[in-house]
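*Asks:* What follows is a structure written as structure tokens; I'll ask about it next.
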Amino acid sequence: MHFCLVKTIRIFLASSSELKPERIVFEQNLSRQNKRWKERGIFLELVHWEDHDDAVHPDGKQADYNRSLEGCDILVVLYWTKVGRYTREEFETG
């Protein structure tokens with residue numbers, strides 16, 4: 001029996017809601033990379049704020065995002081003309 005150990009690399013994608021098309025393209029490219037890197041035993045897991053539920057958290061939704069970010073290996077920040085307060089907070093947390 002052959003076991004393949006898979007290394008998961010967690011990537012947190014931070015951006016404002018105005019960059020949704022760019023986030024979709026990023027996710028599609030990541031999916032393509034996963035197909036290539038599968039043979040090497042590497043899986044790229046994308047984490048972004050859309051993954052979280054809309055429920056209100058006791059210490060706020062941003063605090064929940066920041067906890068997810070702290071468990072990631074890589075932070076990618078997308079911005080266009082400005083960096084919003086929450087994206088800046090994610091950058092500083094990362």
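*Asks:* Between I24 and T81, 0.36 nm times their residue separation minus their Cα-Cα distance comes to what? All intermediate terms of the calculation are to be shown ahead of the outcome.
*Replies:* Values: separation 57, 0.36 × 57 = 20.52 nm, distance 1.89 nm.
Using 0.36 nm per residue and subtracting the Cα-Cα distance, I get 18.6 nm.
*Asks:* Read phi for every residue in the range 67-81 and hand back ³J(HN,Hα) as whole Hz from Karplus 6.51 cos²θ - 1.76 cosθ + 1.60, θ = phi - 60°, with x for Gly and Pro.
*Replies:* Couplings: 5, 4, 4, 4, x, 9, 8, 9, 10, 10, 10, 9, 8, 10, 9 Hz.
*Asks:* How far is it, in nm, from the label point at I9 to the one at E39 when both lie 7 Å from their Cα along the line to the Cβ?
*Replies:* In this crude label model, I9 to E39 measures out at 1.8 nm.
*Asks:* Name the residues whose placed amide hydrogens come within less than 5 Å of the amide hydrogen of L44, ignoring near sequence neighbours (fewer than 5 apart) on the same chain.
*Replies:* Here the answer is I9, since their amide H atoms fall under 5 Å of that of L44.
Every number here is computed from the coordinates shown, using simple stated rules; none is lab data. Bear in mind the structure is a predicted one, so any value in this text is a computation, not a measurement. Neighbour counts run over all protein chains shown; Cβ positions are idealised from the backbone, glycine included.
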